[in-house]
Amino acid sequence: MSEATVRASIVTLVEAVTDIGKVYNRQPSITTWDKFLTFFKTRIGKVDYIRGWTVSCEAIAREGLILGGARDSIRQAHYTYKIRGYHTVNHDKNTENTMLLLALAVMDALDGGIVSGNVYTAELAQLPTYQHRFFGDILCHYAEITQVVTEQLT
């Protein structure tokens, strides 16, 4: 079991959301508009959109718990992930509601989806950031979901 296992599980859960767009297991290194389009432009229906998601591990906190006098008899790692979503803004197509529904679907998929016996537990996913941001000269919806997963270490 490892951070890579947790990340792969999160990516799989996000990819399973209908019409989610492109999903990456890390934040791509993007320095140009063309590169941004390479990563996030996708066709849904017969319309091209910027629609994609990335999964990044932002922090790892480890701790040992003392039980019955045995030092570090239980060890845990707490992984904090940021799942970032991007979607083209289009008022006529009501993309604000579309993106919010996608973010909620991702959160629903994450809630409880990572748990595997006693090995992993996950807090409920949170959406602390949901706003408009410019990428190049295109206004996009931007969602940033936080997911904390705890792994019991052996």
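The values are calculated or read from the model by the stated rules, or taken from the named source; none is laboratory data. All values reported here derive from a predicted model rather than from experimental measurement. Cβ coordinates were reconstructed from backbone atoms using ideal geometry, including for glycine residues, and neighbour counts include every protein chain displayed.
Taken as a whole, the structure leaves Ala109 outside the set of residues that are touching a Ser or Thr at 6+ places or on another chain (Cβ under 8 Å), small (Gly, Ala, Ser) and either closer than 21 Å to Ala143 by Cα or in a helix (DSSP H, G or I) (or both).
I'm trying to understand the selection: among the residues of segment 90-127, which are over 23 Å from Thr12 (Cβ atoms) and either among the acidic types (Asp, Glu) or surrounded by fewer than 15 Cβ atoms within 10 Å (Cβ to Cβ) (or both)? Asn90, His91, Asp92, Lys93, Asn94, Glu96, Asn97, listed by residue number. The residue of segment 128-154 that is surrounded by the fewest Cβ atoms within 10 Å (Cβ to Cβ), among those that are under 17 Å from the mean Cα position of the chain (by Cα) and aliphatic (A, V, I, L, M), is Val148.
Scanning segment 25-34 for residues that are surrounded by fewer than 13 Cβ atoms within 10 Å (Cβ to Cβ) and either in a helix (DSSP H, G or I) or β-branched (Val, Ile, Thr) (or both) yields Thr31, Thr32, Trp33, Asp34.
All conditions but one from (1) farther than 25 Å from Ala59 by Cβ; (2) free of Cβ contacts under 8 Å to residues at least 24 places away in the same chain; (3) polar (S, T, N, Q) apply to Thr95; the one that does not is (2).
Report, by residue number, each residue of segment 6-24 that is assigned to a helix (DSSP H, G or I) and of a type in the set (S, T, N, Q). Across segment 6-24, the qualifying residues are Ser9, Thr12.
From the list Lys22, Lys41, the lone residue that is surrounded by 13 or more Cβ atoms within 10 Å (Cβ to Cβ), over 19 Å from Gly113 (Cβ atoms) and within 15 Å of the chain's Cα centre (by Cα) is Lys22. Screening Gln76 on (1) surrounded by fewer than 12 Cβ atoms within 10 Å (Cβ to Cβ); (2) under 20 Å from Gln147 (Cβ atoms); (3) polar (S, T, N, Q) shows it passes everything except condition (1). Arg26 meets each of the listed conditions (1) of a type outside the set (Phe, Trp, Tyr); (2) touching a helix residue (DSSP H, G or I) at 6+ places or on another chain (Cβ under 9 Å); (3) farther than 20 Å from Thr88 by Cβ; (4) modelled with pLDDT under 85 apart from (4).
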